[in-house]
Every structure is written in structure tokens, then in C-alpha cells.
Amino acid sequence: MSTQPPWLDPIRQRLVRRGRDGRLPSGILVNGSPGVGKALLTTSVVQSLLCQRVDGDEPACGECNACRSLEGGVHPEVRLLEPAEPGKDILVDAVRDATEFLTLSGSGGALRALIIRPADALNMNAANALLKTLEEPPAGAVVFLESARPASLPATIRSRCQQTDIASPALGEVHEWLASESDQPERVAEAYAASLGRPLLAREILTDAAALEAWEADRQILTAVLNATDLHSTAAVLQRSVPERLIPRLQALLLSAQRLLLVGQLDAFGEQFPRDQLLNFARTRGARRLAWLVQQSLEWQRQNGANLNPALRSEAIALALGRR
């Protein structure tokens, strides 16, 4: 069983104490970037409260019948609501079925939990169907909503939930945990920089050969972008990328170049690239153009879900990245 993530445990303890005292709200909106541990937090809170061997705010035992059934996805007091397919909406009928589950008489426990993952996938009708349960919750029922984009949820949902924010932790907070999860502790700092401050993605890079290969491919593409001298070569290397994965790292590279140009210092992500190449890239564009490129990268990220022509998109990004 993995050790408790140190950046999550204080939040878990606080929520568990409130649960022991019967003071959990009917809705808890857990906010945080992808890969920061929202699912780990909600699951560990519910597991601690349902564990048959602990009665304080310590972690669940992981061995009792309650813990095993929760880990197996068959605990009678817990329902997980997800899209039928990744990237699809959570529909109103699924919400109605899940909220009806909350009204059923329980098996004797003090908690009946519905976990919505991700809450961002709720369409408008589904969100409206959930609203009544948040306004008039059955006794002992708690809805956990996990969201990377809480602003996308209706204000009526947000206003009826207690918001719990998970900030991206500093490397010092996660280094020991990541090192204990990996057989490559010497690469922890690199993996955390590559993950853009997302501990669970950093763990994947350290433990999954495919995730490490993906990072190394992105680093090669970004290094080629730094050294490209014309539109054609830049567009060509960008077309080899997976935009959903590369664009956030491209934005981080632009921020690193901006920092190096303005204050002469490399941040953690910039340290993954040759300093002279990054500085030359920054100098040939200048501070104003780098600031504009950082803003453009936000638009490139918003376009990640759009059905755009890959070649045209690569050319547009390459044109923006070109020298002054």
C-alpha cells in the first residue's frame, strides 16, 4: 500500500475529523490541477470514514472488509459517477440514478458517499438534477465533486458546496514520497519538472516506461523548437507531437525563456534544456514577444479539444514562434 501523499494528508485529516463529528457538508467541491491528487484525496477521506479498524483521523487500514470492498469498487455505501466514455458528458439519467442511491437506507454506516469524477463533465441538465440533492440532502449523504475547472460549473452548484483546494506542492513536499514510489530516485527533480508540478504525473514518469518515453520525446521536440531556424523546420517537429501533452510543456518552456531573459535565472523546467540554447531563443525574440507568446500559448491550450487540422495548427504555432 502506498504511503499517504504528504501534501494531501493535512486536508484528509481535516475532512475526516469533520466527518467523525458529523459536520461534513452535503457537497464538497475538490479543486486542483490534473494530476495533483483529487481522486486520491476523496477516496482516502471516504475510506478513512468507512474503515472498520480506525476511529480517529489516521489513514484507513486498507485491510478490513470495508477497505477492500471500497478498493474493489463494490462498497454498498459508495457510488462513483463518471462519464460513460472518457471525454463524454455525464448525463441527467446517470445523475438521477446516483442521487436515488443516496436516498436508500444504508447498511448502518454514518456516511453514504457519491463521488463525481470529473464534475466538469456534468452537462447542464445533469447539474440541475444534482442541485436538488445538494439543497435537500438525505441524512448522512455527501457528494464529492472533483474538478480541474471549477469555474465551468454552474454558480448554483458551486455556491452549495464547500470548496477544498489542492495547490500544486513544491518539490520539497513531494520529493521523499516520489523517491519512495520509484526505483529511480535520482530522477525525481527531472520528473517533477516534466510533470509541471503534478505529483501523480511525476510518479508515472518515474515508474511507467511509456510516460518516461513520452516526456523524452517532448523534450526532443522542444529542444528542436529552440534550435529551429525557419518556419518549415519548426512546423515539421511540431507535427510529430501530441498537442494535448506538448502545448502545456511548450508554455512552460516559454515561461522559462522569459524568466531567463528578465532575471538571468533558470527555473526547474528550464534546467531540463541547454542554457545557451534557451537564452539564444529568448534573446532573438525579446521580452515583449515572449510575453505575447505566453499569452498565445493559453489559446493553443484552449484549442486542444477542438477538431483542428494538425498540419495547419502546427504551421500557425510555428509562425508565431518565429524569430522577430
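A compact table of results
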{"quantity": "Some residue of the range 180-197 being in a helix (DSSP H, G or I), open to solvent by 40 Å² or more (accessible area, probe 1.4 Å) and of a type in the set (Ser, Thr, Tyr)", "calculated": "yes"}
{"quantity": "Top-ranked residue in the range 267-324 [being of a type in the set (A, V, I, L, M, F, W, C) and in contact (Cβ under 8 Å) with a residue 60 or more places away in the chain; ranked as nearest to ILE247 (Cα to Cα)]", "calculated": "ILE317"}
{"quantity": "Output for the range 94-112, where each listed residue is farther than 17 Å from GLU135 by Cα, of a type in the set (A, V, I, L, M) and at pLDDT below 95", "calculated": "LEU104, ALA110, LEU111"}
{"quantity": "Helices (runs of 4 or more DSSP H) (entirely within the range 1-105) containing at least 1 residues that are in contact with a Gly (Cβ under 6 Å, 6 or more places away or on another chain)", "calculated": "38-50"}
{"quantity": "Criterion (assigned to a helix (DSSP H, G or I), of a type in the set (Asp, Glu), open to solvent by 10 Å² or more (accessible area, probe 1.4 Å) and over 27 Å from ARG187 (Cβ atoms)) met by exactly one of GLU216, GLU271, GLU299", "calculated": "GLU299"}
{"quantity": "Among (1) in contact with a His (Cβ under 6 Å, 6 or more places away or on another chain); (2) at positive phi, the one test that VAL188 misses", "calculated": "(2)"}
{"quantity": "Filter result for the condition that a residue is loosely packed, with under 14 Cβ neighbours inside 10 Å and of a type outside the set (S, T, N, Q), over LEU253, LEU246, LEU262", "calculated": "LEU262"}
{"quantity": "Tally of residues being assigned to a loop (DSSP other than H, G, I, E, B) and closer than 15 Å to PRO83 by Cβ across the range 123-149", "calculated": "3"}
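Here's the yes/no breakdown for (1) crowded, with 20+ Cβ neighbours inside 10 Å; (2) more than 24 Å from the chain's Cα centre (by Cα); (3) over 30 Å from TYR192 (Cα atoms):
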| position | (1), (2), (3) |
| --- | --- |
| ARG18 | no, yes, yes |
| SER26 | no, no, yes |
| LEU29 | yes, no, no |
| LEU40 | no, no, no |
| THR43 | yes, no, no |
| SER48 | yes, no, no |
| ASP57 | no, yes, no |
| ALA66 | yes, yes, yes |
| VAL74 | no, yes, yes |
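The values are calculated or read from the model by the stated rules, or taken from the named source; none is laboratory data. None of the values given here were measured: they were computed from a predicted structure. Note that we place each Cβ from the backbone using ideal geometry, even for glycine, and neighbour counts take in every protein chain shown. The protein model used for the area step is the full one, side chains on, heavy atoms only, and it has no ligands, DNA or RNA in it. Shrake-Rupley method; radii C 1.70, N 1.55, O 1.52, S 1.80 Å.
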